[in-house]
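Reviewing the structure listed below.
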Amino acid sequence: MTEFWESSFLEKQTMWGFEPTDSAIATKDFFLERNVKDILVPGIGYGRNAKVFIESGINVTGIEISQTAIDLARQNGIDISIFHGSVNDMPYDNNLYEGIFCHGLIHLLNKSEREKFIKDCYNQLKPGGYMIFTTVSKKAPMFGKGTLLDKNYYETDYGVKIFFYDAESITQEFETYGLVEFSEIDEPHKDMINKPSINFLMVKCKKEL
C-alpha cells in the first residue's frame, strides 16, 4: 500500500489541487464555534486541508503514510508535527486531542482496519471532544464499479479497494463511539472543470464527558 501511494502521489496532487475541501471548511467553522484549538488530522496528505485549520489558529498534528506528501507539505509551508506512518499503527503519541478530522481515508481501509482506526481516534479524544470523518457514499459515481469483494466493498481497475458507506454501515461502525449525526456533502473537483462532484458522507461523533 505504501508503494502505491508513493508512486501515484504526484498524479493525485495534480488531480486534487491545493484548495481545501468544503468539508474541511465546514469542520473548521464547527471547531471554532466550540473553541476547539488542538486537533489531529490522520491522512493529512500534502496539507491542503490542514491550512484552513492552521490559518484559523488551531494547532494541528498530522499522520501521513507518504513521505512524498510530507515533503510537499513542507515545501508549501506546513510547519507542524507530522507523524510518518500508517493510521493502522496509531497511536503515535499519548496526547488527547480536542478534535479529529479525517477526510477521504477511512473508506480505503478494510473492516478490521476501520474498526481499529475508529477506536484509536476515539481513544485519543479528550472528553467532550469531536471527531469528524468524511467518507465516500454509495451515491458516488464509482460505486458498483470494479470487482466486488464484499458488501459495498469494491476493488477498482487501478487496484484501490474502497468501502462505500450508507446509513446502515455508519450506524453499525460509529454508534458505539459517540455518533451524533451524519449528513451528505458533495465535494466538487475545485481544480478540474466539468469533473462531477463526489458524494461524501460527513460523520460526526462526540466523546461524552
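Under 5 Å between amide hydrogens, built in the peptide plane, is the criterion, and for Ile100 it picks out Leu40, Tyr130, Met131, Ile132 among residues at least 5 positions away or on other chains. Put in line by how crowded their Cβ is, counting other Cβ atoms within 10 Å and starting with the fewest, Asp186, Asp22, Asp150 read Asp150, Asp186, Asp22. Mean separation of Cα pairs under 8 Å and 6 or more residues apart, divided by the residue count, gives the chain a relative contact order of 19 percent. Applying a threshold of 20 Å to the alpha-carbon distances of Lys119/Lys204; Lys28/Lys111; Lys28/Lys119; Lys111/Lys161 flags Lys28/Lys111; Lys28/Lys119 as lying beyond it. Centre-to-centre separation between the Cα atoms of region 97-132 and those of region 47-84: 18 Å. Projected label points at Glu208 and Asp89, each 7 Å from Cα along the beta carbon direction, are separated by 3.6 nanometres.
Sorted fewest first by neighbouring Cβ atoms within 10 angstrom, Ile198, Ile162 come out as Ile198, Ile162. The stretch between Glu115 and Thr171 holds 18.9 nm of extra length on full extension. This uses 0.36 nm per residue minus the Cα-Cα distance.
Electrostatic bookkeeping for Glu155 treats Lys and Arg as +1 and Asp and Glu as -1; over the other residues with beta carbon under 12 Å from its beta carbon, the sum is 0.
Each peptide among 71-77, 119-125 gets the average number of other Cβ atoms lying within 10 Å of its residues, and from highest to lowest they stand as 119-125, 71-77. In the chain, the calculated helix contribution to ellipticity at 222 nm averages -9000 deg cm²/dmol per residue, counting -39,500 (n - 2.57) for every DSSP H run with n ≥ 4. Straight-line cross-link partners of Lys139 among the aspartates and glutamates, defined as a Cα under 17 Å from its Cα and at least 8 positions apart when in the same chain: Glu155, Asp166, Glu168, Glu184, Asp186, Glu187. The modelled label-to-label distance for the pair Ser183/Thr156, using points 7 Å beyond Cα in the direction of Cβ, is 2.7 nm.
Each reported figure results from applying straightforward, stated rules to the coordinates on display, with no laboratory input. These numbers were taken from a predicted model, which means no experiment stands behind them. Glycine gets a Cβ as well: all are built from the backbone with ideal geometry, and neighbour counts include every protein chain shown.
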